[in-house]
Structure formats: C-alpha cells, structure tokens
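Visitor: Mind looking over this structure? Questions follow.
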Amino acid sequence: MEHPVTTPAIELRHYGHDDLPQIRQTLLDVHADAYADQMDDEFNQKFPWFVDHWGGNPGFSCVIAYDSGEPVGFAYGAPAAPGREWWREHVDEPPTDSTTFSFSELMVRPKWRKTGVSEHLHNDLLAHRPEALVVLLVDPSHPKVQALYERWGYKKVGNRQPFPDSPNFAVMLLDLHSTAFYQNGYEK
C-alpha cells in the first residue's frame, strides 16, 4: 500500500511485498541508470534476481523517491528470519535483542546523488522498524559509501562474500536503539 511522505522537492512512497509487481520495473530502471557503466559485470546483471528474492519476502519494505513524478532512488530490505541472522558469526556476544532488519539496497540515480536523497530514503525506510538491529553489506571498493554508513551510526563487524562472484563485502551493523542513531535525526 502506498503512503506518500513529502520532503522538499522529493516525494517518498512506501511499498510492501504485495506491491512488487507494480514497482519491480521501476527498481530495475533505477538500477540500470545507477549502474549504466557497469552493466557488463555479471554480478550487476543478477539484480532482477535480487529484487525478486527480497520482494518475495512477506516482510519486504521499500521506499522509492520521486522528483516531480520521476523515480530517482530507492531503499529496500526485509526482516531477517529469527535465529538465522548471519551477522552473528562476526560478533563475540550478540545483543539481548537480536531482531534484525536486513537492509538490502540503497540506490540513487547519478543526477540526484549528493543531494541528500540517500539519507532521506535510509531514514524513512528505518524510521518505524520494530527490529533492534539493521545489517547491511558494503563493497569495500567504495570507501566513501562505507564512511557514509559509519556517519549514520553503522559499525563494521567483519567481512562476508555471499556469492562466489560477489565482492568480499564489509558487514555493517546499526543498533536502532543507540543514541547515535537518534542524534543523526532518526525518529521512532
């Protein structure tokens, strides 16, 4: 179900699992623009599979940003299955509340990068999550992206290569109950 949230010039719309048929092509189109110069990479070519995989989760949550009706970026993820939080292998003592939201994608088209759209998408996707933690993977060949997540309160806890053809990603965790999270402008 769509629930528009408006910020200056950017409209954020929320979608769930049942909306995937309606938004799937939008996600693919934004990805194609965001990675236009890298679409010959086999891993980038698997993006439709990832959309279907994450969108197939009943808890799938997606926010798409629009500028004058044009899709400019999106963020999505889904709750991790209890007891199957793969980030656990990277921490000595898991927190008491280990409920986890797996933040799968945050993507903004080149023309709208460095405008604050990514932070709006990130904040809006997580604003009302009931989970205690958020986990995501960052390609270490993009240190500026990793630094951005660190500014948003994420901590690197390890590395993981989920597929033989994928990068060895940095595993990053965010405690949604942390003071840093709220100091960065998030609202619960």
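Visitor: Starting from region 97-114, take each residue that is of a type in the set (D, E, K, R) and list its partners that are open to solvent by 40 Å² or more (accessible area, probe 1.4 Å), counting only C-beta distances under 6 angstrom and pairs at least six apart or across chains.
Guide: As it stands, the answer is R109/D33, since those pairs meet every condition given.
Visitor: A further question on this structure: Scan region 37-91 residue by residue and report those that are modelled with pLDDT under 90, open to solvent by less than 40 Å² (accessible area, probe 1.4 Å) and not hydrophobic (A, V, I, L, M, F, W, C).
Guide: Those that are modelled with pLDDT under 90, open to solvent by less than 40 Å² (accessible area, probe 1.4 Å) and not hydrophobic (A, V, I, L, M, F, W, C): N44, E85.
Visitor: On to the next question. Can you tell me which residue in region 129-140 is most open to solvent (accessible area, probe 1.4 Å), limited to those that are assigned to a loop (DSSP other than H, G, I, E, B) and at pLDDT 90 or above?
Guide: Among residues in region 129-140 that are assigned to a loop (DSSP other than H, G, I, E, B) and at pLDDT 90 or above, the one most open to solvent (accessible area, probe 1.4 Å) is P130.
Visitor: Among the residues of region 44-92, count how many are closer than 19 Å to H122 by Cα and charged (D, E, K, R).
Guide: 2
Visitor: If I filter region 8-26 down to residues being at pLDDT 95 or above and among the hydrophobic types (A, V, I, L, M, F, W, C), which single residue comes out as nearest to H122 (Cα to Cα)?
Guide: L12
Visitor: Could you check region 92-116 and list, in sequence order, the residues that are open to solvent by less than 40 Å² (accessible area, probe 1.4 Å) and outside any strand (DSSP E or B)?
Guide: S98, W112, G116
Visitor: Just give me the residues in region 64-91 being within 20 Å of L137 (Cα to Cα), over 15 Å from the mean Cα position of the chain (by Cα) and not in a loop (DSSP other than H, G, I, E, B), in sequence order.
Guide: Hits for region 64-91 are W86, W87, R88, E89, H90.
Visitor: Only one residue in A147, A170 is assigned to a helix (DSSP H, G or I), small (G, A, S), modelled with pLDDT of 85 or more and more than 25 Å from R13 (Cα to Cα). Which one?
Guide: Within the list A147, A170, the selection yields A147.
The values are calculated or read from the model by the stated rules, or taken from the named source; none is laboratory data. Just so it is clear, the model here is predicted, and its values are computed rather than measured. Here the Cβ is made from the backbone with ideal geometry for all residues, glycine too, and neighbour counts use every protein chain on show. Keep in mind that these areas ignore ligands, DNA and RNA; they rest on the heavy atoms of the full protein, side chains included. Shrake-Rupley method; radii C 1.70, N 1.55, O 1.52, S 1.80 Å.
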